[in-house]
Amino acid sequence: MPPAPRVARRALLTSGAAVGATSLVAPHMGASAAIRAVRPSHARALAGSFGVVVHLNFLQGVYSQHDEILSSLRRLGVRHVRTRLSVLPHAMDAMEELARHGIKIHGVCGAFDDDQSMDEIMRAVNRRFDRPERVFSAFEGINEPNNDGVRWVEETRRKARALHRARARHGLRGVPIVAPALARVTGGGVEGDTTLEQSRRLGDLSRYVDFGNMHVYPRGLPPSSDIDYFRRCARRVAGPAPVMCTEGGYFTAMDYRGGAYPVPKKVAAAYAPQAVLEHWKAGTRRFFRYELLDEPGASSRDREGTLGMIRTRGSNWSPKPDFRATHRLLAELDDRGASSRPREFGMSLSRGPRDLKHTVFAKGDGTHVLALWLDRRIYDPREQRLLVRDLQEPIADVRLDLGSPRDLEVQHLTKPGSGKRRDRVDRARINLTAGVTLVTLR
């Protein structure tokens, strides 16, 4: 979660990558770069690297409305959800229904200072589901155990060992285990004054886990902020195992005053798809946005109630701008085509700004998608002011050269309906707005 006083939060449940292509940008961006052969990543892999946090175990409130949740998840285009793995029938029924629609469950097992045993959880999974590996993408250790202001290391280690043993005992080795993630420490931490020090105190759990874990809330800054730091923390616990980020995001309560910084909805819309791509490029195996739903009637001071992608007021659920921008990213990279190895093609980028980042994806039908974004601040969270004049207007550009003529379409994810097509071109100047620009090549 974003930095805040060290108190229990709207907990995940107190109740029951491949890296993108090698850089093609000329070092000084002054002249055209030579055409280079690029081997893209599978588009479907990027779409499968994104998930969102829900709370299927809640018995009341908006998260108890499982039909609406399923509808929203399908509209978003997400393939993974993270939720507390509750053994209650209503929660397991919801997990099974999501899995039937191609949405797998990343289940958080137990909680800090909770008497429910890992053996009980794994036994319930084994009894309830004929093929658990078709329902669950992962089991995760207890959530942010360092966030309660008490000694936490011994219990966290004990429950990690217990989950590992229970998974084996109940024949569930086909579902990987993700290490516990630690909250950001902003001062006065117990058993360590920083998250890095607390990770050292927790120690090596690599024999019990298959993936490392981190939570990265950028505190109103660009999505690249702190990924490297929290990856270091995850490595201290999981060793060289690949790392997931199981929480990250922005909140939009602009009158909140505390140990965190809000962003306007339109800034969240620019940063949300960019976060998916930053984590992809950094090698994060899966990134989960926290969370799907706002609290009903959340006020402009409600930090935890405005982390969602959907506003909820009574029966009126309304997608926020970052939901729509993320949907456009996932929809553009959705691919049901052949899964053969993507073929190389020739391209170069030049005459662009130094903070330009990119990655390239391929679909089974031969389409390529080039994602471009600027790794810079577009908003000052302390002063609450935009650092660009207009989030939908060009703030930079880059020259794209292709090895052969292609049909080209440019789409800015912060600007619905912005797609502009150019037929049979081998060179183009691409305008860049805040957020992500997609160039589709056919």
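Each value in this text was obtained by applying a stated rule to the coordinates, not by laboratory testing. Worth saying up front: this structure is predicted, and the values here are computed from it rather than measured. Cβ sites come from the backbone with ideal geometry, for glycine too, and all protein chains shown count toward neighbours.
The share of alpha-carbon pairs in the chain lying farther apart than 41 Å comes to 15%. You can think of it this way: the chain between A331 and D113 has 74.4 nm of extra reach, that is 0.36 nm per residue less the Cα-Cα gap.
For K420, the aspartates and glutamates whose Cα falls under 13 Å of its own Cα, not counting residues fewer than eight places away in the same chain, are D407, E409.
Run the numbers on the range 195-349 and let me know its relative contact order in percent, using alpha-carbon pairs under 8 Å that are six or more apart.
About 20 percent, as a whole number.
Simple spin-label estimate for A37 and L88 gives 5.7 nm between the two label positions (7 Å along the Cα-to-Cβ direction from each Cα).
Counting Cα-Cα pairs of the range 219-298 in 5 Å increments starting at 0 gives whole-percent bin shares of 3, 13, 24, 23, 17, 11, 7, 2, 0. Projected onto its three principal axes, the C-alpha set of the range 345-441 covers 46, 27, 21 Å, listed from the longest axis down. For the pair R422 and R134, the difference between a 0.36 nm per residue extended length and the Cα-Cα distance amounts to 99.4 nm.
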